[in-house]
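Shown next, in structure tokens, is the structure this report addresses.
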Amino acid sequence: MRITQGTFSYLPELTDDEITKQIAYALDQGWPCSVEFTDDPHPRNAYWDMWGLPMFDLADPAGVLYEVKECRKAYPNHYVRLNAYDAHYGRQTTALQFIVQRPPVEPGFRLDREETSDRRIRYTLHSYATDRPEGERYGDAR
Amino acid sequence: MSDRPGFGMRPSENGSPAAPPQAPAAGEPAPPAPLPPDARVDLAQERADSHADEVLDALDAELVGLAPVKTRIREIAALLLVDRVRARFGIDSARPNLHMCFTGSPGTGKTTVAVRLAELLHRLGYIRKGHLVSVTRDDLVGQYVGHTAPKTKEVLKRAMGGVLFIDEAYYLYRAENERDYGQEAIEILLQVMENQRDDLVVVLAGYKDRMDSFFASNPGMSSRIAHHIDFPDYKPDELEAIGHLMMRREGYVLAPQTEPVFRDYLDRRRVQPRFANARSVRNAIERARLRHANRLLAAAGEVDRAALTTLEPEDFLASRVFL
């Protein structure tokens, strides 16, 4: 099951050239970029691990793309995403965020039903990937 | 593995999709077809289109002397221009290596030339942004183990698309301390200079003799730098021209009787220790301005425009070089 989240989530995967253009756009808007990765695909997993610090004062997308590639190299089977943060007063939020790498196989989710009091049913999403310990979820034993 | 289509961004494919699952987007411009072999390109037109001449002319007008530097920069501009035309015919040539080393005494214009160079390379399409990031050892080398690499990489990322100017680069390497973190910074620098030549141009600057010993202990650095440009010391008449240029920019003129005094001042200052070429000239003018202002206030009369802009001999004669 292909995880969709962030900007461009329903587009085909962006190529590096397309990613470069998006980074260039973000930098032109004055949004510093940062790279994050995770192997927990749950949609409510908002806090991914940071790959280094956010990159401030960059003029050219090459620097950001370099970090994206470094992160992919270190975590070839993780999800990697790129954030662009708009720090302008009144917005101060992530302005652009998209996935730049995903694992080769995404096993998807199952629906868990839990019976609680009064025959009520509670539902929860369970990612098959998280059955395995962190770091071994997508086939890489780190 | 799986029967899923490979994603265009998988790292194993070196950043470029081996088999893109979808056709390229329609909006992407196709690369222009190469010109036929018998086509003719007007080089003068190409030159005018690049607007490189504006930068070169500004270099000539604003910098006095430095003939070897200007020649080399003109050569580089010509090469880039010709390469561009060659590319239009579909002739493949490797991207020229433009890492440089500027050596020269203090105040010979190394930083000023670097700023112009960044602008020039940008106009000629060699670098994408044309900004100059000027750093010294402090910005590259960390203070404890593991601090240097992120620091150096951050500076390199900031400089991408432009020119990284490392002032007094020989401080990066401290021969007397083999555990100095400077060596780590040099290694990262070398790696990026080699692998990401498309993304940035590195310019090292420093005094001639100390740069020479720096290169002697870092042969890898020396061989990765194609252009070693030496900035000669200014001759007396060039210093004078620089002084006039600076004063004109600040809105001052020399009274006719001040001219020989100013020349005499430069001659005396030149042979004294710690003479820093154009920088010393600037300082001399700054001090003359102070004395000029003080003199006007002490006279406490009415002043006209000429009095406000004219430097008299006593503004220079009060200097300690005449003692």
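The values are calculated or read from the model by the stated rules, or taken from the named source; none is laboratory data. Computed from a prediction, not measured in an experiment: that's the story for all the values here. All Cβ positions, even for glycine, are placed from backbone atoms using ideal geometry, and neighbour counts span all protein chains on display.
Summary of computed values
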| item | result |
| --- | --- |
| Answer from B:280, B:319 - the residue that is farther than 30 Å from residue B:58 by Cβ and surrounded by 13 or more Cβ atoms within 10 Å (Cβ to Cβ) | B:319 |
| Which listed residue, of B:123, B:137, B:116, is within 18 Å of the chain's Cα centre (by Cα), at pLDDT 90 or above and over 17 Å from residue A:62 (Cβ atoms) | B:137 |
| Considering residues of region A:68-95 that are part of a strand (DSSP E or B) and hydrophobic (A, V, I, L, M, F, W, C) only, the residue surrounded by the fewest Cβ atoms within 10 Å (Cβ to Cβ) | A:95 |
| Set A:65, A:53: member being outside any loop (DSSP other than H, G, I, E, B), crowded, with 20+ Cβ neighbours inside 10 Å, modelled with pLDDT under 95 and within 12 Å of chain B (Cβ to nearest Cβ) | A:65 |
| Matching residues in region B:89-113 - criterion: being among the aromatic types (Phe, Trp, Tyr) and modelled with pLDDT of 90 or more | B:102 |
| Residue in region B:134-155 that is part of a helix (DSSP H, G or I), away from every other protein chain (no Cβ under 14 Å), surrounded by fewer than 24 Cβ atoms within 10 Å (Cβ to Cβ) and not β-branched (Val, Ile, Thr) present | yes |
| Members of region B:72-98 found to be in a loop (DSSP other than H, G, I, E, B) and in contact (Cβ under 8 Å) with a residue 12 or more places away in the chain, listed by number | B:89, B:90, B:95, B:96, B:97, B:98 |
| Residue match in region B:219-226 (condition: assigned to a loop (DSSP other than H, G, I, E, B) and closer than 20 Å to residue B:102 by Cα) | yes |
| Qualifying residue in region A:11-23 (condition: part of a strand (DSSP E or B) and at negative phi) | no |
| Given (1) away from chain A (no Cβ under 13 Å); (2) in a helix (DSSP H, G or I), number of the condition residue B:107 does not satisfy | (2) |
| Candidates B:233, B:198, filtered to the one that is farther than 29 Å from residue B:281 by Cβ, in a loop (DSSP other than H, G, I, E, B) and not hydrophobic (A, V, I, L, M, F, W, C) | B:198 |
| Search result, residues across region A:1-33 that are of a type in the set (S, T, N, Q) and within 12 Å of chain B (Cβ to nearest Cβ) | A:15, A:20 |
| Test: residue in region B:246-256 that is part of a helix (DSSP H, G or I), in contact with an Asp or Glu (Cβ under 7 Å, 6 or more places away or on another chain) and more than 14 Å from chain A (Cβ to nearest Cβ) | no |
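The rows are residues; the columns are (1) loosely packed, with under 13 Cβ neighbours inside 10 Å; (2) closer than 12 Å to residue A:64 by Cα.
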{"residue": "A:1", "(1), (2)": "yes, no"}
{"residue": "A:11", "(1), (2)": "yes, no"}
{"residue": "A:14", "(1), (2)": "no, no"}
{"residue": "A:32", "(1), (2)": "no, yes"}
